[in-house]
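Here is the structure we will look at, set down as structure tokens.
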Amino acid sequence: MKKNLFRLIALLLPLTISAQINLENFSGSATEGAVFAQMRKTRSYGNDLPTVGSPYVNENFTEGEVFYKNKSLGTYLYRHNAFNDEVEVVKPGDESIKYVKDEQGNFVPAEGESSSLATIKEIVLKDKETGISLSLTTITNEDGALRNAYLYQLTTGENYTLYYQNRVGFKEGVRAVNSMVRTTPNRFTHFQDFYIRKNGEEIAYFFSGKKKDLISVLLEEDLKNASSIIGNKKLKTKNEEDLAILISELNQS
């Protein structure tokens with residue numbers, strides 16, 4: 001019954017940033033079901049070669065509290081598949097869930113047993129250990145393309161919000177055609193990108209980490225102040241902690 005509800009919701013929910021859900025139309029488990037859906041993306045990599053790395057930020061499921069429009073829907077176990085940009089979730093203590101051991105020796109839900117957070121911007125997942133929030137955000141990436149992506153919030157204030165994105169690239173391996181050539185495995189590679197959103201705007205803009213590129217992500221009236229803060233505090237804008245200090249300072253000015 002529960003899985004059928006998830007499948008139905010997956011068919012009914014528009015997967016756009018403007019998708020809306022009226023919580024008042026739901027109650028009990030249906031309320032929770034409204035923000036979870038069986039949107040399992042493919043995990044087939046086109047060959048049977050060995051694979052180095054992982055599509056997940058963390059192979060283990062960890063605890064996070066799920067909010068919809070600031071309303072808590074409870075604590076869930078989650079892990080972020082950054083290659084598919086999908087957040088897998090499981091309700092703790094659900095004895096109907098079957099677990100299997102993965103290649104790293106972790107016990108994880110069997111294929112199809114976990115659900116995914118519906119791709120709706122009003123949903124926020126807050127990690128219970130780190131306190132960092134994860135949510136779907138509209139971004140312009142390095143190439144200037146407009147899309148939605150899951151971003152982790154580093155700091156926020158009156159003027160700006162600083163995020164980072166865990167991005168995973170995949171390179172397909174090549175099988176050796178003779179003894180003179182070595183087989184290369186499939187490989188996942190992890191990257192961290194920074195995004196800055198001017199509060200009051202919908203879009204978070206890619207920031208390269210280069211000081212000269214602050215001109216494209218900050219308000220014009222803050223550029224001189226940003227330069228002074230960087231110089232006085234000897235900040236390196238490619239460094240996560242230093243960049244967070246810069247944004248926090250700009251939020252106080």
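Observations on the structure shown:
- Restricting the range 118-132 to residues that are farther than 13 Å from Gln153 by Cα and not hydroxyl-bearing (Ser, Thr, Tyr), the residue that is surrounded by the fewest Cβ atoms within 10 Å (Cβ to Cβ): Glu129
- So Arg187, is it surrounded by fewer than 16 Cβ atoms within 10 Å (Cβ to Cβ), out of contact with any helix residue (DSSP H, G or I) (no Cβ under 8 Å at 6 or more places or on another chain) and either more than 16 Å from Glu241 (Cβ to Cβ) or modelled with pLDDT of 95 or more (or both): yes
- Condition broken by Asn239, with the remaining ones in (1) surrounded by 12 or more Cβ atoms within 10 Å (Cβ to Cβ); (2) closer than 14 Å to Arg197 by Cα satisfied: (2)
- Among the residues of the range 117-137, the ones that are among the hydroxyl-bearing types (Ser, Thr, Tyr) and more than 12 Å from the chain's Cα centre (by Cα) come to 1 in all.
- Candidate set: the range 36-61, residues that are at pLDDT below 90 and not in a loop (DSSP other than H, G, I, E, B); chosen: the one farthest from Leu117 (Cα to Cα): Thr51
- Residue list for the range 173-216, filter: more than 17 Å from Tyr152 (Cβ to Cβ) and among the acidic types (Asp, Glu): Glu201, Glu202, Asp213
- Test: residue in the range 80-92 that is over 30 Å from Pro185 (Cβ atoms) and either at pLDDT below 60 or surrounded by fewer than 16 Cβ atoms within 10 Å (Cβ to Cβ) (or both): yes
- Per-region count, the range 215-246, residues of a type in the set (A, V, I, L, M) and closer than 17 Å to Ile139 by Cβ: 3
- Number of the condition not met by Ile196 [criteria: (1) touching a residue at least 60 places away in the same chain (Cβ under 8 Å); (2) crowded, with 16+ Cβ neighbours inside 10 Å]: (1)
- Against the list (1) part of a loop (DSSP other than H, G, I, E, B); (2) modelled with pLDDT under 75; (3) of a type outside the set (Lys, Arg); (4) surrounded by fewer than 16 Cβ atoms within 10 Å (Cβ to Cβ), the condition Ile21 fails is (4).
- As a summary of the residue check, Asp222 satisfies the conditions (1) closer than 17 Å to Tyr164 by Cβ; (2) surrounded by 16 or more Cβ atoms within 10 Å (Cβ to Cβ) except for the one numbered (1).
- Those strands (runs of 3 or more DSSP E) of the range 155-253 in which 1 or more residues are in contact with an Asp or Glu (Cβ under 9 Å, 6 or more places away or on another chain), within 29 Å of Asn81 (Cα to Cα) and of a type in the set (D, E, K, R) occupy 160-171, 186-198.
The values are calculated or read from the model by the stated rules, or taken from the named source; none is laboratory data. Quick caveat, the model's predicted, so the values are computed rather than measured. FYI the Cβ positions are ideal-geometry reconstructions off the backbone, even for glycines, and counts take in every protein chain you see.
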